[in-house]
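The values are calculated or read from the model by the stated rules, or taken from the named source; none is laboratory data. The structure presented is a predicted model; accordingly, all values stated were derived computationally and were not measured. Cβ: placed from backbone, ideal geometry, glycine included. Neighbour counts: every protein chain shown. Accessible surface is based on the protein model in full, side chains and every heavy atom, while ligands, DNA and RNA are left aside. Shrake-Rupley method; radii C 1.70, N 1.55, O 1.52, S 1.80 Å.
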Amino acid sequence: MGSDLDIMKQDMLGRIEAAADLSALEAERVAALGKQGAVTGLLKTLGAMSPEERQSEGPRIHALREAVTEAIASRKAGLENAELERRLATERLDMTLPAAPAPEGSVHPVSQVMDELAEIFADLGFSVATGPEIEDDWHNFTALNIPESHPARAMHDTFYVDRLDADGHPMVLRTHTSPVQIRTMKSQAPPIYIIAPGRTYRSDSDATHTPMFHQIEGLVIDRGITLGHLKWTLETFLKAFFERDDIVLRLRPSYFPFTEPSVEVDVGYTVQNGRRVLGGADQWMELLGSGMVHPRVIANCGLDPDEWQGFAFGVGIDRLAMLKYGMDDLRAFFDGDLRWLRHYGFRALDVPTLSGGVGA
């Protein structure tokens, strides 16, 4: 049997060395060492041998297996190295090709300011609330103490939809996000601390007004709420948003159907290089409307105005963006001009944080 093993060994090693590629080498491995392979068959015969035969033939069979295994591993390494050398010699990377251009998409200033506002008010304990943009008469007007004769209901101020609500009144494109406040008070037990950002619609268009614009309103309903809480909240919010400690507010008596008392909020500013810069008290400009929630509005939502009080405020998000980032014309926000967006837009990674600064 010894000479037969030597002949088998030479034959197997010759075929392994002659394997032209990895697939041919794998075929030789299976033929020799697979479940039905020749070397595997020899190993199975050891059990039927006498102790003397096993002692003499066992080492020779195991030596054959080791030799075949080593020859396969050596040939495989040689074939892999040859393939690598071939690829290195034939494949080329043209370093003169231009790099791929950076993505041109950017975050719209309105979206960025919405994120900034959400970050600031979240730190003050407010949550974000949303509602439908097509509203019924009760949520948009009646529940907010806006009477039938109020000018805001006129066709020249409000976009009406060719659809009736449950009471037979025409549906409207919401004129403010105040209906979100009503829906929240109807569905959620106080205390309530929310902001309601979103799109609103009014029939108006010029350099500082557009038929569709973005508004954020805030609502607090709790026990013992006073006008002092409102002023502190607005001061804290505006100082964080404009990232200045010298923001000064002035509250003036005003009138809104849904608040009593109502106040217009003016903010101090200075003129630098022909541009308004908020801070200080050299001059004043009106910024937002606010007030204590009218007791009738609280009662309309099923709450007891003797137990629960609150304040509300509203400001245009587009206007905040114009003041903070130096934009002159509100209509450009909606023109879809990529040149404008490249100039004023924000990178996707410019995420507002209170620790890193809400502004870019």
Open item on the list: With the condition being hydroxyl-bearing (Ser, Thr, Tyr) and under 29 Å from the mean Cα position of the chain (by Cα), I'd like the strands (runs of 3 or more DSSP E) fully within region 160-239 carrying at least 1 qualifying residues.
Closed with: 192-201
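For the subset of region 240-251 comprising residues that are under 34 Å from the mean Cα position of the chain (by Cα) and of a type outside the set (Phe, Trp, Tyr), which member is most open to solvent (accessible area, probe 1.4 Å)?
Keep residues of region 240-251 that are under 34 Å from the mean Cα position of the chain (by Cα), which gives 240-249.
Pick out the ones that are also of a type outside the set (Phe, Trp, Tyr) and you get 240, 243-249.
Details: ALA240: 32, GLU243: 94, ARG244: 80, ASP245: 143, ASP246: 62, ILE247: 11, VAL248: 54, LEU249: 15 Å².
Here the answer is ASP245.
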Open item on the list: Out of everything in region 135-159 that is at pLDDT 85 or above and part of a loop (DSSP other than H, G, I, E, B), what residue ends up being farthest from PHE213 (Cα to Cα)?
Closed with: ASN145
Open item on the list: Testing PRO191 on (1) open to solvent by 30 Å² or more (accessible area, probe 1.4 Å); (2) touching a strand residue (DSSP E or B) at 6+ places or on another chain (Cβ under 6 Å); (3) over 22 Å from ASP123 (Cβ atoms), one condition comes back false. Which one is that?
Closed with: (3)
Open item on the list: Need the failing condition index for ASP115 against (1) closer than 26 Å to ARG296 by Cα; (2) open to solvent by 10 Å² or more (accessible area, probe 1.4 Å); (3) at pLDDT 90 or above, just the number.
Closed with: (1)
TODO: Determine if region 130-148 includes at least one residue that is within 30 Å of ARG347 (Cβ to Cβ) and either among the polar types (S, T, N, Q) or out of contact with any Leu (no Cβ under 8 Å at 6 or more places or on another chain) (or both).
DONE: yes
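Residue check: is SER203 modelled with pLDDT under 95, in contact with a His (Cβ under 7 Å, 6 or more places away or on another chain) and more than 30 Å from GLY359 (Cβ to Cβ)? Show your work before the answer.
Numbers: modelled with pLDDT under 95: yes; in contact with a His (Cβ under 7 Å, 6 or more places away or on another chain): yes; more than 30 Å from GLY359 (Cβ to Cβ): yes.
For SER203, the condition - modelled with pLDDT under 95, in contact with a His (Cβ under 7 Å, 6 or more places away or on another chain) and more than 30 Å from GLY359 (Cβ to Cβ) - is met.
Identify, from the list ARG183, ARG244, the residue that is of a type in the set (Lys, Arg), touching a helix residue (DSSP H, G or I) at 6+ places or on another chain (Cβ under 9 Å) and under 22 Å from PRO109 (Cα atoms).
Testing whether each residue is of a type in the set (Lys, Arg), touching a helix residue (DSSP H, G or I) at 6+ places or on another chain (Cβ under 9 Å) and under 22 Å from PRO109 (Cα atoms) leaves just ARG244.
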Open item on the list: One residue is enough: does region 123-144 have a residue meeting the conditions farther than 19 Å from VAL315 by Cα, without any contact (Cβ under 8 Å) to a residue 60 or more places away in the chain and open to solvent by 80 Å² or more (accessible area, probe 1.4 Å)?
Closed with: no
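Mind counting the residues in region 147-173 that are open to solvent by less than 10 Å² (accessible area, probe 1.4 Å) and in contact (Cβ under 8 Å) with a residue 40 or more places away in the chain?
Of the residues in that region, 1 qualify.
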Open item on the list: Among the residues that make up region 174-182, is at least one of them open to solvent by 60 Å² or more (accessible area, probe 1.4 Å) and closer than 12 Å to ASN140 by Cβ?
Closed with: no
Open item on the list: over 25 Å from the mean Cα position of the chain (by Cα) and small (Gly, Ala, Ser): which single residue out of GLY357, GLY268, GLY345 fits that description?
Closed with: GLY268
Open item on the list: Condition first: of a type in the set (Phe, Trp, Tyr) and closer than 29 Å to GLU307 by Cα. Can you find one or more residues in region 274-287 that meet it?
Closed with: no
